[in-house]
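Data block below; observations after.
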Amino acid sequence: MRGLSKIDLPARLAPVLPVWAGELITALVCLATAGVMRVLIDVALPGAAPFVLLFPAALVATLVGGWRPGLITLTVSELFAWSYLIPPRGFSWKGDATPANLAAIYFAGAIVVGVAQLFRTGSRQDAADTRAKLAARDLMLRELEHRTKNNLQTVAALLGVQMRRAADEPARQALRQALSRIDSISEAQRNLYAVGDAAKSVDMAAYLQGLCGNLAEALFLGELVRLDCRADAGELDRDRAVAIGLIVNELVTNAAKHAFAEGGAGRINVVFERERRGYRLIVEDNGRGLPADFSTYRLGLGRGLVEAFTRQIGGLLTVGEGPGARFEVELAA
């Protein structure tokens, strides 16, 4: 019933027809449907239960069009049953077609129309309240996103100042890595909400293409190291999308730093493809590859972040070789 009340046929026809015409069409459609069903019933049970379709027809007409189409459907249906289905044919006070019976049936039908109208009004009000709450939530979310962006920029600026003031190289290197990760998170958020805005899901093809383009500029890859991105169409919720963006940020940044000899040429590929049961993310390069004892390395911060983000989205991380380093993340749809 709630689904029928959302149809609102007169409102859908309003751009091309006045409201009264849409209501009349709604009543005619319900009457025609009830008439066809009445013909089918008469094939098996001629003349049986003449008023059996009156109440459901009036109920449906009210739910999809309002109380006026409901009353029109109720009135015409009762007149049709009285005139054509109750013998002798025609408008006569014989048999079950007594004034009291017809009045009682019409009164019961009017109650059905009234209850259906109350349900329709309540359902539409609930829908309006839900839309208002969603709009308020989206407004607060955008405000939160704006504040988060400003806070990330403030943290990055403070780290940059501290890095320039650091006296020894290890401290500068640590601050530089922290600043890089803050920039990655900020960049991922900027790309994510530029694509998704107030939507609940994110177009991963547009998101990753934009993210990879910005990464190529931020890492100064130039012409020697090429970053290619291929992403299939697909939508994911925001939390999983931002986690995937951060995984891509971390893996591409690591490849740019460690995969190629200084000044050497190479290629980094980012692939996001749809599979039968979900999606697969691949970040690979054709550089020097992983160290022979990579699997025995103690978890560094970069690798730890990738594994943490993978667990966050319920994915499975696989590390491979060929010809350089290759990382795969599989996740369910």
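No lab work stands behind these numbers, since they all come straight from the coordinates. On a predicted model such as this, the values are computed, not experimentally measured, just so you know. Here the Cβ positions follow ideal geometry from the backbone for every residue, glycine too, while neighbour counts run over all protein chains shown.
For the reader, a short list of remarks on this structure follows.
- Helix-derived mean residue ellipticity, 222 nm - over the chain, DSSP H n ≥ 4, -39500 (n - 2.57), to 500: -21000 deg cm²/dmol
- For R226, residues with placed amide H under 5 Å, excluding near neighbours: G266, R267, I268
- Within the chain, the longest segment free of exposed loop sites, counting trypsin sites (Lys or Arg not before Pro) that fall outside DSSP classes H, G, I, E and B and have at most 14 other Cβ atoms within 10 Å, spans 95-199.
- Coil-residue chymotrypsin sites (Phe, Trp or Tyr not before Pro) of the range 204-296, DSSP, other Cβ within 10 Å capped at 12: F220
- Where GluC sites (Glu not before Pro) in DSSP loops with at most 11 other Cβ within 10 Å are excluded, longest remaining stretch of the chain: 1-222
- Karplus-based coupling profile of the range 132-147, in residue order and whole Hz: 5, 5, 5, 5, 5, 5, 5, 5, 5, 5, 5, 5, 5, 4, 5, 5, with θ = phi - 60° in 6.51 cos²θ - 1.76 cosθ + 1.60 and x standing for Gly or Pro.
- GNM flexibility winner over the chain from L215, L281, L102 (Cα, springs under 10 Å): L102
- By the beta carbon rule, with partners counted only under 4.7 Å, the chain holds these lone Cys residues: C30.
- The count of lysine pairs in the chain with alpha-carbon distances below 22 Å, taking only pairs 8 or more places apart or on different chains, stands at 4.
- Expressed as a fraction of 2.2 N^0.38 Å, the value expected for a compact globular protein of N residues, the C-alpha radius of gyration of the chain is 1.67.
- Derived scalar couplings ³J(HN,Hα) [the range 155-167; Karplus, 6.51 cos²θ - 1.76 cosθ + 1.60; whole Hz; x for Gly, Pro]: 4, 4, 5, 5, 5, x, 5, 5, 5, 5, 8, 4, 7
- Nearest-ten-degree value, helix 238-258 long axis tilted from longest Cα axis of the chain: 20
- In order through the range 224-232: 3J(HN,Hα) via Karplus (6.51 cos²θ - 1.76 cosθ + 1.60), integer Hz, x for Gly, Pro: 6, 10, 9, 10, 9, 10, 10, 10, 6
- Nearest 10 degrees, 0 to 90: helix 54-65 Cα axis against the chain principal axis: 40
- For the chain, share of DSSP beta bridges that run antiparallel, in % to the nearest 5: 75
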